[in-house]
Amino acid sequence: MPGDKSISHRALMIAALGRQPCTIQGLSDGDDVTHTRLAVEALGAGVEDHGSGGVTVSGGLTGASDPIYLGNSGTGIRLLTGLVAGYGFTTTLDGDASIRRRPMDRIIEPLSAMGASVRGSGESAALAPLTVEGRPLRGIDYTLPVASAQVKSAVLLAGLRAEGPTTVREPAPTRAHTEEMLADAGVRVESSDGSVTVWPGEVKAPDLIGIPGDPSQAAFWLVGACIAPGSDLTVENVYLGPARGGFVDVLARMGADITVDSDSGDIRARTSELRATRVTAEEMPGCIDEVPILAVAAAAADGVTVFEGIDELRVKESDRAASIVEMLTALGGECRIDGHNLVVTGRTPDQGLGGGTVNAHGDHRIAMAAFIAGAAFGGPVTVEGFEATATSYPGFARDMQHVTGWAQ
Ligand code: S3P
């Protein structure tokens, strides 16, 4: 599996804060992480590229004179906003058309409460580009209105340069990479049920950070294996930490023949007869990025699958709830939004989905989910905007060839 995207972003940022050189191995080669890498360089860190996902970062931030472009990356722009908020320089952070539509008030509000100056654009001044004028910050005790690891992380990173401790409380558990990696970098961090507190202090990034495989990318292949006839597939060295493996539980509940080796991080899936399930709102943050491919699994499962509490899907790289409905409908499936829920009516596994044309709407996870549907059910599926896969997984088509033995 390619290196985990969420961990790659954080590895670059944390390494850029440390004084000692830090070597990162297995960095994601997706465009999003490349943008973060360029961002920390623009801010003053040194990045030496060793090839094949290996870089050495020499930290120290001095500020960027030009606006920093984060492309399609919500994680990049939101975390960096928190990271630079307490420095004595001004930073402008921007991204592509999708980033300019995504809500930034969710970070502006808590960062402002810390004393930060973050000015957005648009009528509500809450959209990218964002201008961050570095200010002295104070720690806060903040309860997240939505379960978002990006918001939690932006606040915690700002907390590194605040006066006093900063606490973030979450309504449901979200991925814990920031707190895990800050603790590994010698920062005082305390996590307890539903909250995490960080104290300001020096960041001593480890000499070496190895990035494990990305579970969100593994999910595409594992669902593909469950629904394609005659499959037996193992993905290796996948990150299995908090709030990332929820899709495995969902698939197991659907009757998938899926096993996890928690020592090695290997996950094996074989062709399965899937049945419908209910994914609760509480479970949603633990499988948020996997909903597009889980919806493809649901389309091949016996019964009606309900994904509850899908509002956050509407503010991803695309309106992902709408993109999923459009994708499954285009392939002959049945899917609708019902209030805060996404409802997928499965066809019998032997019917599966048919062929058709799917517009990825610039969203990497829609492009890959549609491609897997085409490969597993025989399609043919045409994915318009397939190049969006480069956001997180430039090697996706190559790996498809490896998994299936197809010529590209
Ligand atoms: C991410 C958090 C999630 C996820 C995104 C990556 C992160 O976003 O969807 O792909 O790395 O923190 P939200 O925090 O907005 O839910």
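Just so you know, all these numbers are worked out from the coordinates, no wet-lab data involved. Just so it is clear, the structure is predicted and the values come from calculations on it, not from any experiment. Here the Cβ is made from the backbone with ideal geometry for all residues, glycine too, and neighbour counts use every protein chain on show.
Comparing S112, S392, S52, which has the greatest mean-square fluctuation in the GNM of the chain with Cα pairs linked when under 10 Å apart?
S52
Mind checking the dipole of the range 5-197: about its Cα centre, +1 per Lys or Arg Cβ, -1 per Asp or Glu Cβ, Debye to the nearest 20?
280 debye
Provide the gained length on full extension for the span D105 to D184, in nm with one decimal, where the gain is 0.36 nm per separating residue minus the Cα-Cα distance.
Full extension from D105 to D184 adds 25.5 nm.
Rounded, prolate or oblate for the range 215-404? Axes are the square roots of the Cα gyration tensor eigenvalues, ordered a ≥ b ≥ c, and the cut-off for rounded is a/c under 1.5. Each step should come with its number before you reach the end.
Details: a/c = 1.19, a/b = 1.10, b/c = 1.08.
Cα axes put the range 215-404 in the rounded bin.
Would you mind getting me the FRET efficiency between D302 and R119? Use the beta-carbon distance for r and R0 = 51 Å, nearest 0.05.
For D302 and R119, the calculated efficiency is 0.45.
Quick check on the range 215-404: of the DSSP beta bridges with both residues there, what percent are antiparallel, nearest 5%?
Within the range 215-404, antiparallel bridges account for around 70 percent of the total.
Taking Cα centroids, how far is the range 266-313 from the range 204-235 in Å?
So the separation of the two Cα centres works out to 17 Å.
For the chain, with the dipole built from +1 on Lys and Arg beta-carbon atoms and -1 on Asp and Glu ones, taken about the Cα centre, which of S124, A205, G354 lies farthest toward the positive end?
Positive-end residue among those listed: S124.
Taking the Cα centre of each part, how many Å lie between the range 351-388 and the range 1-71?
Between the Cα centre of the range 351-388 and that of the range 1-71, the gap is 31 Å.
Nearest 5 is fine: what % of DSSP beta bridges in the range 5-197 come out antiparallel, could you say?
Taking every DSSP beta bridge within the range 5-197, about 75 percent pair in antiparallel fashion.
How big is the antiparallel share of DSSP beta bridges in the chain, given as a percent to the nearest 5?
Numbers: 43 of 61 bridges.
Of those bridges, close to 70 percent are antiparallel.
Please identify, among R244, R314, R275, the residue showing maximal mean-square fluctuation in a Gaussian network model of the chain using a 10 angstrom Cα cutoff.
Per the Cα network of the chain with a 10 Å cutoff, R314 tops the list.
Using label points projected 7 Å from each Cα along Cα→Cβ, tell me how many nm separate R169 and E384, to one decimal.
That separation, rounded to one decimal, is 4.7 nm.
Please give the Cα centre distance for the range 90-109 versus the range 160-191, rounded to the nearest Å.
Centre-to-centre (Cα) distance: 22 Å.
So if R0 is 45 Å, what FRET efficiency would T357 and R278 give, r being the distance between their Cβ atoms, rounded to the nearest 0.05?
On the way: r = 31 Å, r/R0 = 0.68.
Result of the calculation: an efficiency of 0.90.
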